[in-house]
Every structure is written in C-alpha cells, then in structure tokens.
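One structure is given below, encoded as structure tokens.
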Amino acid sequence: MDDQGWRRLRGLTRLIHDGVRQGADFVEKHHRHAAEKPFRVLESIPPIAAPTKVVHGIHDGVLSLSYGGIRAINQAIEKADDWLVDQLAPADDDPDSDNGPVSG
C-alpha cells in the first residue's frame, strides 16, 4: 500500500470511530428524552412518586454507564487501530499529515 493508501486507511478508521462516538451520543440523548415523559407522569402520582424517582435515577445511571461503556470500548479500539496502522505503515508515513509527505 502506498502513502496515500495508509492516509486513507487512517481517515477511514477515524471516520468509523467518530461515527460510533457520535452515534452513541445521539442515541443516548434520545433514549433519555424518550424515557423522561413517562417518568415525569409517574413521578406526579403521589403514592408512587418516591419509588418512581428511585427507578428514574437507576435508569439514568444505567443509561450513562451503558453508553459510556460503548464510548470507552470504541476509544480503546481506536487506540488499538492507530497502534496497528503505525506498526504496519512504512516508517516515512506521517500519521498527522493529510497533505502528503513533508519536504524539507
């Protein structure tokens, strides 16, 4: 693979990992939003308000942990991808350059 191919591969992996990160952010936001209204309604009913608030808090905590876990795993895989490409790419491939080789 030539230098341009390695740059394309790096760009593709960045695109994929950015997509996973942004996708997790988007879905978490909308998941939280979708659950908010039913919790609000149930929390307005005095006999079940207190336990519903507890469940709401647990729900939000699990939600944060779940999507945070997806982002953390994605970040770890992104670092592994970067390391692997660094190991496989020729030594003169500049990982931070998108404009071709640097000339002196």
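The values are calculated or read from the model by the stated rules, or taken from the named source; none is laboratory data. This one's a predicted model, so the numbers in the text were calculated from it and none came from an experiment. Just the protein is used for accessible areas: all its heavy atoms, side chains included, with ligands, DNA and RNA removed. Shrake-Rupley method; radii C 1.70, N 1.55, O 1.52, S 1.80 Å.
Some observations on this one:
- Angle in degrees between helix 3-43 and the longest Cα principal axis of the chain, rounded to the nearest 10: 0 degrees
- Sequence-separation-based contact order of the range 13-94, relative, with Cα cut under 8 Å and 6+ spacing, percent: 43 percent
- Per residue value of the accessible surface for the chain (all protein chains in place, 1.4 Å probe), Å²: 71 Å²
- Across all directions, the average projected area of the convex hull around the alpha carbons of the chain is 8.3 nm².
- The length gained on full extension between SER64 and ALA49, counted as 0.36 nm times the residue separation minus their Cα-Cα distance, comes to 3.2 nm.
- Crossing angle, helix 46-88 versus the chain [Cα axis fit, 0-90 degrees, rounded to tens]: 10 degrees
- Accessible heavy-atom area order of TRP6, TRP83, highest first, probe of 1.4 Å: TRP83, TRP6
- The share of accessible area on the chain that comes from carbon and sulfur is 64 percent, using a 1.4 angstrom probe.
- In Å², nearest 10: area of ILE77 left accessible to a 1.4 Å probe: 80 Å²
- Area accessible to solvent at LYS29, 1.4 Å probe radius, in Å²: 140 Å²
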